[in-house]
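Data block below; observations after.
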Amino acid sequence: MENSGQRQRLRAVVIGGGFGGLNAALGLAKGDLQITILDRKNHHTFQPLLYQVALAALSPADIAAPIRRAVHGKENVEVLIGNAVGFDLERRLVHLEEGDVVPYDYLVVATGATHSYFGHEEWAQLAPGLKTVEDATEIRRRILLAFELSERESVLEGRQCPLNFVVIGGGPTGVELAGAIAEIAVHVLSTDFRAIDPRRARVILLEGGPRVLPSYSEDLSASAQRQLEQLGVEVRTNTRVTNLQPGAVYAGEERIDATVILWAAGVKPSPLGQLLGAETDRAGHVVVNDRLNIAGHSEVFVIGDLAHFDQDGSPVPGVAPVAIQMGQYTAKEILRRIESKPSKPFHYWDKGSMATIGRSKGIAQIGKIHLSGLIAWAAWLFIHLIYLIGYRNRFFVLLNWGWQYLSWQSGARLITGSNQLPGWQGHQETATSGEERKRAAG
């Protein structure tokens, strides 16, 4: 993999091209060593804006960029598509699913997190989560298809099926999805259909705890719920989901009809962390020290959502700013060691948290400063815009946001893939059999 001019260089292997891995690689590129980025995909995804792809506000290309483009001009960085499936920490080797091995002098594992269905993996087919571009396009397909199927049934059968969108989980992703669905139904799709009224769609947000956005202060949590309810979202707290079936969500004995079910209730760390043989917490996060190393291996760094790092008596949250700072720190720490400079511990600087709820609606918690409404929404737009990779992405996202704000239109309402929804056929058969019984009785 290396040419003759690079053989004497130390090699740093970075697994994962997300926020943590990419920032680590870009920082390491400033030093005199060879960097290899390994990822199963060829692109970096700006995950905080995935929900806008899911709700047809942006296209996937607006929030994703090829990893090669992100490291363009860094001559000592190579990008390889591959799936890491094991490690030999003593020989310093990464084993790939394809059968290859990649040697390293320093290893950075930043493979993030995936959905957690709390032992009910069969629910994944009924309730997609939102972690990848593929997830976003699948959610977009289901939401838009629900309106299309309802229109078709209304025209051909003379009835409009209830459209119930159930979002499970009241964290930032759940709140953003619920608010965006309500907004698109009322303001974007309401004039596009002839036989149905999209404004009659119900959006139900289920949260198992006592309040939405539990990581925020109580006043901001209450503000978020009020803003959701202003958009028409039915917020139900202290409601634990016990079962999912096609077309239905169960909370104990209660059945909630659901045309589309979306999952935002939990995440779990990448299973790759378990293969390091290091200590993990109950959820599977890899426990790291104050240098982000695993025990006994100062050359191995675990960062981002995969890491369990305690600061001030509690683990730092699994959010993008943490991953970014961990990536930047890791690069500096490795370069310090190469240059025989004193090591420094990692410290996370919490710059605040933000969540958007809808057009001109949002919350922001920046230290003791709490913001709600338009100013929080504007701050959210600005911060996310500057963190996007590439001037092209920033330009087109800004252009799309401006157009949507002025026109209430979104231009990415494309349905691709299957024209089937889980549970829809059964609902249709039930409706049809009901009509047949009425005719027979008549």
Percent of alpha-carbon pairs separated by more than 26 Å within the stretch 222-340
46
Beta bridges per DSSP with both ends in the chain, % antiparallel, nearest 5:
50
Can you return the lysines within cross-link range of Lys332? Criterion is Cα-Cα under 29 Å, with same-chain partners fewer than 8 residues away left out.
Lys30, Lys41, Lys74, Lys131, Lys268, Lys341, Lys344, Lys351
Around Ala251, which amide H atoms from residues at least 5 apart in sequence, or from another chain, sit under 5 Å from its own amide H, with H modelled in the peptide plane?
Thr242, Ile256
Per-residue HN-Hα couplings for the stretch 286-303 [Karplus 6.51, -1.76, 1.60; θ = phi - 60°; Hz; x = Gly/Pro]:
7, 6, 10, 8, 6, 10, 6, 9, 7, 4, x, 9, 6, 8, 10, 10, 10, 9
Could you run the Karplus curve 6.51 cos²θ - 1.76 cosθ + 1.60 with θ = phi - 60° over the stretch 119-134 and give me ³J(HN,Hα) per residue in whole Hz, x for Gly and Pro?
x, 10, 5, 5, 6, 4, 6, 8, 9, x, x, 9, 10, 10, 4, 4
Between helix 424-441 and the chain: long-axis angle, C-alpha atoms, 0 to 90°, nearest 10:
10
Please compute the alpha carbon radius of gyration of the stretch 152-253, then divide it by the globular-protein estimate 2.2 N^0.38 Å. Two decimals is fine.
1.19
In terms of the ratio Rg/(2.2 N^0.38 Å) built on C-alpha atoms, what value belongs to the stretch 114-156?
1.47
Diagonalise the Cα gyration tensor of the stretch 218-281 and give the resulting equivalent ellipsoid semi-axes, square root of 5 times each eigenvalue, largest first, whole Å.
31, 20, 11
Ranked on Cβ counts within 10 Å of their own Cβ, fewest leading, Asp135, Asp39 go Asp135, Asp39
Average projected area [Cα convex hull, the stretch 36-131], square nanometres:
8.6
Most positive-pole-ward Cα, Pro269, Asn238, Leu220, against dipole of the stretch 215-274 from beta carbon charges:
Pro269
Rounding to the nearest 10 and keeping the result within 0 to 90°, find how far the Cα-based axis of helix 19-28 lies from the longest principal axis of the chain.
20
Show me the three semi-axes of the equivalent ellipsoid for the stretch 269-406, from the C-alpha gyration tensor (sqrt of 5 times each eigenvalue), largest first, rounded to whole Å.
34, 18, 15
Using only C-alpha atoms and all pairs of different ones, pull out the Kirkwood radius for the chain in Å with one decimal.
23.4
Restricting to DSSP H runs of at least four residues, report the calculated mean residue ellipticity at 222 nm for the chain, -39500 (n - 2.57) per run over all residues, nearest 500 deg cm²/dmol.
-10000 deg cm²/dmol
Semi-axis lengths (Å, descending) of the ellipsoid that matches the C-alpha gyration tensor of the stretch 265-321
17, 14, 10
Loop-only check: which GluC sites (Glu not before Pro) in the stretch 189-272 are DSSP coil with at most 11 other Cβ within 10 angstrom?
Glu253
Chymotrypsin sites (Phe, Trp or Tyr not before Pro), restricted to the stretch 143-235: which are DSSP loop and have at most 16 other Cβ atoms within 10 Å?
Phe193
Taking Cα atoms only, helix 172-183 is inclined relative to the longest principal axis of the chain by an angle, in degrees rounded to 10, of 40
Just rank Lys332, Lys351, Lys268, fewest to most, by other beta-carbon atoms within 10 angstrom.
Lys351, Lys268, Lys332
May I ask for the net charge around Ile35, where only other residues with Cβ less than 9 Å from the Cβ of Ile35 are counted and Lys, Arg are +1 while Asp, Glu are -1?
+1
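A short reminder: the numbers here are calculations on the coordinates, not readings from a lab. Treat the numbers as computed from the prediction; the structure is a model and nothing was measured. For neighbour counting, all protein chains shown are included, and Cβ atoms are generated from backbone atoms with ideal geometry for every residue, glycine included.
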